[in-house]
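Undergrad: Next up is a structure, given as structure tokens.
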Amino acid sequence: MKARVFSGIQPTGSPHIGNYLGALKNWVKIQHEYECIWGIVDLHAITIYQKPEELRQKIVELAGMLIAIGLDPAHTSIVVQSMIPAHTELAWMLTCATPIGWLERMTQYKSKAQAQETVGDGLLQYPVLMAADILLYQAAIVPVGDDQSQHLELARDIAQRFNSMYGETFVMPATSLPSVGARVMGLDEPDKKMSKSSTGPNHAISLLDDPKVITKKIMRATTDSNPAVDFETMGAGVKNLLAIYQAFTETSDDHVKAEFDGLRYGDMKKKVAAAVVAALEPIQVRYREITADPGYLEGVLKASAERVSVFANDTVYKTKRAMGLYTA
Ligand code: AQP
């Protein structure tokens, strides 16, 4: 039997190359090796206010994007989290087994809470819901970007605590990070991770950005005071651009060094931009074809939800039994 894999992406903003290189590209690579479930985690998205009309639209667009990047819905499940009530049922049971101090320590909670006038309880519970997403499917592997490593560790702690309180119920999930691109930084602020919610016009490259826009953003990316690439002294901005190039072209460290050492920044940026444009163009063509037929996407989401509900309900049943809740 193939091991099960789960990972999710929030339908907030437009997916960017950080999401792609940190997580999505890896999803496509492993989709035939494992039994994979990919979540459009809309219940996570609402931990920060989302405009309802936009959210609904973004969920469908994200489903289209996941297929456009190469996920094959005939072999892999693409699920909208809120279509499967078992996610929230399990999340509540796990909440009751999670010490609040574990949640207050999460760095994502601290940084997102700082940016809010009023902090909703959902933001604090975010990692418990994420643990529920993973444990619900008894996933053995979770491919994510590096920013989610702390949440994954917490999911393991929650699983371990639950198993020791109530008996073996959950499979322990392992984190899988890509070797290059695990943390893509903002083009304008290379000390901050590229993020959908950052608003700077040159911060992120969306997977749907026009080739001209991609080139313009990369040409304006922050570098340092050197005139050309120097592997001994390069700053975070140049490192980030070369990591983006390497992750898109899947070339070795030696190849990148040979190609870029001593190259002036203007020429280096042109090469990076050409690699990003070449990789994203076919995705954009497929995206336009797929989203032209919303009925198709609806069918994919319904079929996936039906398929995975069997495992999900089974885990909820086991968890209820373990905790002594009443089951018919
Ligand atoms: N900059 C990044 N580099 C590498 N991987 C990244 N991921 C996110 N940003 C980077 C990975 O993408 C997957 C899905 O992301 P998400 O939508 O759940 O993550 P996020 O952290 O919420 O993304 P954003 O862009 O930062 O959105 P906001 O601003 O709304 O919080 C995850 O596997 C994540 O690791």
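Undergrad: PHE162 - would you say it is buried (at least 18 other Cβ atoms within 10 Å of the Cβ), assigned to a loop (DSSP other than H, G, I, E, B) and at pLDDT 95 or above?
TA: no
Undergrad: Within the range 265-284, take every residue that is under 22 Å from the mean Cα position of the chain (by Cα) and of a type in the set (Val, Ile, Thr) and give me the one that is surrounded by the fewest Cβ atoms within 10 Å (Cβ to Cβ).
TA: Ranking the candidates gives ILE283 first.
Undergrad: Turning to a different aspect of this structure: Among the residues that make up the range 24-47, is at least one of them closer than 18 Å to ALA204 by Cα and out of contact with any His (no Cβ under 7 Å at 6 or more places or on another chain)? Before the answer, list the steps.
TA: In the first step, residues of the range 24-47 are kept if they are closer than 18 Å to ALA204 by Cα; the result is 24-25.
Now drop any that are not out of contact with any His (no Cβ under 7 Å at 6 or more places or on another chain), which leaves 24-25.
Among the residues of the range 24-47, at least one is closer than 18 Å to ALA204 by Cα and out of contact with any His (no Cβ under 7 Å at 6 or more places or on another chain), which makes the answer yes.
Undergrad: If the requirement is being surrounded by 18 or more Cβ atoms within 10 Å (Cβ to Cβ) and part of a loop (DSSP other than H, G, I, E, B), which of these qualifies: THR215, THR233, THR169?
TA: THR169
Undergrad: If you go through the range 42-52 one residue at a time, do you hit one that is surrounded by fewer than 18 Cβ atoms within 10 Å (Cβ to Cβ), farther than 25 Å from VAL316 by Cα and among the aromatic types (Phe, Trp, Tyr)?
TA: Within the range 42-52, one or more residues are surrounded by fewer than 18 Cβ atoms within 10 Å (Cβ to Cβ), farther than 25 Å from VAL316 by Cα and among the aromatic types (Phe, Trp, Tyr).
Undergrad: Show the residue pairs that are 6+ apart or on different chains and have beta-carbon atoms under 6 Å apart, the first residue being within the range 11-27 and on the phi > 0 side of the Ramachandran plot, the second being surrounded by fewer than 22 Cβ atoms within 10 Å (Cβ to Cβ).
TA: Every condition considered, the pairs that remain are GLY13/LYS196.
Undergrad: Quick check, is TYR34 at pLDDT 95 or above and open to solvent by 10 Å² or more (accessible area, probe 1.4 Å)? Don't jump to the end; show me each part of the working.
TA: Working: at pLDDT 95 or above: yes; open to solvent by 10 Å² or more (accessible area, probe 1.4 Å): yes.
Yes: the conditions hold for TYR34.
Undergrad: Hey, among GLU117, GLU104, which residue is open to solvent by 60 Å² or more (accessible area, probe 1.4 Å) and farther than 27 Å from SER164 by Cα? Give the derivation first.
TA: Working: GLU104 fails: farther than 27 Å from SER164 by Cα.
One residue alone meets the criteria, GLU117.
Undergrad: Looking at ALA312, is it in contact with a His (Cβ under 8 Å, 6 or more places away or on another chain), within 30 Å of LEU135 (Cα to Cα) and open to solvent by less than 60 Å² (accessible area, probe 1.4 Å)? Give the derivation first.
TA: Values: in contact with a His (Cβ under 8 Å, 6 or more places away or on another chain): yes; within 30 Å of LEU135 (Cα to Cα): yes; open to solvent by less than 60 Å² (accessible area, probe 1.4 Å): yes.
So ALA312 passes the test.
Undergrad: Consider LEU124 against the criteria (1) open to solvent by 10 Å² or more (accessible area, probe 1.4 Å); (2) farther than 16 Å from ALA45 by Cα: it satisfies all of them except one. Which criterion is unmet?
TA: (2)
Undergrad: If you check every pair at least six apart or on different chains, which have Cβ atoms under 6 Å apart with a residue in the range 185-209 that is open to solvent by 30 Å² or more (accessible area, probe 1.4 Å) and at pLDDT below 95 first and a residue that is of a type in the set (Val, Ile, Thr) and part of a loop (DSSP other than H, G, I, E, B) second?
TA: LYS196/THR12
Undergrad: From GLN150, GLN138, grab the single residue that is surrounded by fewer than 22 Cβ atoms within 10 Å (Cβ to Cβ), touching a helix residue (DSSP H, G or I) at 6+ places or on another chain (Cβ under 7 Å), touching a residue at least 40 places away in the same chain (Cβ under 8 Å) and closer than 17 Å to ALA23 by Cβ. Spell out the reasoning first.
TA: On the way: GLN138 fails: closer than 17 Å to ALA23 by Cβ.
Testing whether each residue is surrounded by fewer than 22 Cβ atoms within 10 Å (Cβ to Cβ), touching a helix residue (DSSP H, G or I) at 6+ places or on another chain (Cβ under 7 Å), touching a residue at least 40 places away in the same chain (Cβ under 8 Å) and closer than 17 Å to ALA23 by Cβ leaves just GLN150.
Undergrad: Name the strands (runs of 3 or more DSSP E) wholly within the range 1-102 that hold at least 2 residues that are out of contact with any Cys (no Cβ under 6 Å at 6 or more places or on another chain) and within 10 Å of the ligand (Cβ to nearest atom)?
TA: Working: elements: 4-9, 35-40, 77-80.
Once the strands (runs of 3 or more DSSP E) in the range 1-102 are filtered for at least 2 residues that are out of contact with any Cys (no Cβ under 6 Å at 6 or more places or on another chain) and within 10 Å of the ligand (Cβ to nearest atom), what remains is 4-9, 35-40.
The values are calculated or read from the model by the stated rules, or taken from the named source; none is laboratory data. Bear in mind that the values here come from a model prediction, so they are computed numbers and not experimental data. As a convention, Cβ positions derive from the backbone with ideal geometry for all residues, glycine included, and neighbour counts pool all protein chains shown. We work out accessible area using only protein heavy atoms, side chains counted, and drop any ligands, DNA or RNA first. Shrake-Rupley method; radii C 1.70, N 1.55, O 1.52, S 1.80 Å.
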